[in-house]
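Just below is one structure, and these are the notes that go with it.
The values are calculated or read from the model by the stated rules, or taken from the named source; none is laboratory data. Small disclaimer: the values here were computed from a predicted structure and weren't measured. Please note: Cβ atoms are built from the backbone with ideal geometry, for glycine as well, and neighbour counts cover all protein chains shown.
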Amino acid sequence: MSNLKGYTLIELTVTVIVIAVIAGLALNNYLKALQTGYERDILMQLRLIQNTLEFEWRTKKTYPTTDLNDRDAINTALGLQIPQNDFFTSYKYTYYDGAGKPYYIIEIGTVSGWSVAYDDSGSRTYCSSGACPTCDATSCP
């Protein structure tokens, strides 16, 4: 017999399994962080649109009265430059002629099926559908 030294098949298999478990945990945490980052981006975009609409109200005493159903229409109507993002699938601005002051709802949907909305009548941002990473049906952090 020779004196060859090396790793056995069992040792190599155990090493590969340990690495796979660690990679699985890291991937799960990465995907959660990615979803949370997308939600934060949505919240920033909602606040940008909200601030622009409030500026319109303060300067012109009116909101855009036409419903806007995509990002390009919102950019054009409000003079914004919200960039294209493949994760966000829908942008929707809806105008309501309420008693007293009119109000609006802005909603942004995602590829993952969840969406976040801002309701001007109640001044609240909330998860309007699906399972948002950090928002719920009543509010966002």
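Could you look through the range 107-134, keep only residues that are of a type in the set (A, V, I, L, M, F, W, C) and not in a loop (DSSP other than H, G, I, E, B), and pick out the one that is farthest from residue 42 (Cα to Cα)? Working first, answer last.
The first filter runs over the range 107-134 and keeps only residues of a type in the set (A, V, I, L, M, F, W, C), leaving 108, 111, 114, 116-117, 127, 131-132.
Narrowing the set further to residues that are not in a loop (DSSP other than H, G, I, E, B) leaves 108, 116-117, 127.
Values: 108: 7, 116: 7, 117: 9, 127: 11 Å.
That would be 127.
When residue 69 is tested against (1) among the polar types (S, T, N, Q); (2) under 30 Å from residue 106 (Cβ atoms); (3) loosely packed, with under 10 Cβ neighbours inside 10 Å, just one condition goes unmet, and that condition is (3).
I'm checking my understanding of the structure. Among residues of the range 83-103 that are among the hydrophobic types (A, V, I, L, M, F, W, C) and under 20 Å from residue 34 (Cβ atoms), which one is surrounded by the most Cβ atoms within 10 Å (Cβ to Cβ)? My answer is 88. Residue-level analysis places residue 140 outside the set of residues that are over 20 Å from residue 52 (Cβ atoms) and touching a helix residue (DSSP H, G or I) at 6+ places or on another chain (Cβ under 9 Å).
None of 63, 93, 104 is closer than 16 Å to residue 52 by Cβ, in a loop (DSSP other than H, G, I, E, B) and in contact (Cβ under 8 Å) with a residue 40 or more places away in the chain except 63. For the range 66-86, a tally of residues being part of a helix (DSSP H, G or I), without any contact (Cβ under 8 Å) to a residue 24 or more places away in the chain and farther than 16 Å from residue 116 by Cα returns 5. Cβ-Cβ contacts under 7 Å between residues 6 or more apart (or on different chains), taken from a first residue in the range 122-141 that is surrounded by 11 or more Cβ atoms within 10 Å (Cβ to Cβ) to a second residue that is assigned to a loop (DSSP other than H, G, I, E, B) and β-branched (Val, Ile, Thr), are listed as 126/138; 140/134.
If you go through the range 27-39 and pick out every residue that is within 18 Å of residue 113 (Cβ to Cβ) and of a type outside the set (S, T, N, Q), you end up with 6. Looking across the range 60-85, the residues that are among the polar types (S, T, N, Q) and either closer than 19 Å to residue 42 by Cα or touching a strand residue (DSSP E or B) at 6+ places or on another chain (Cβ under 9 Å) (or both) come down to 65, 66, 69, 75, 76, 81, 84, 85.
Of all residues in the range 104-121, those satisfying the criterion of being within 16 Å of residue 65 (Cα to Cα) and either loosely packed, with under 14 Cβ neighbours inside 10 Å or of a type in the set (Phe, Trp, Tyr) (or both) are 104, 121. For the range 32-50, the criterion of a residue being modelled with pLDDT of 90 or more, part of a strand (DSSP E or B) and crowded, with 16+ Cβ neighbours inside 10 Å is satisfied by no position.
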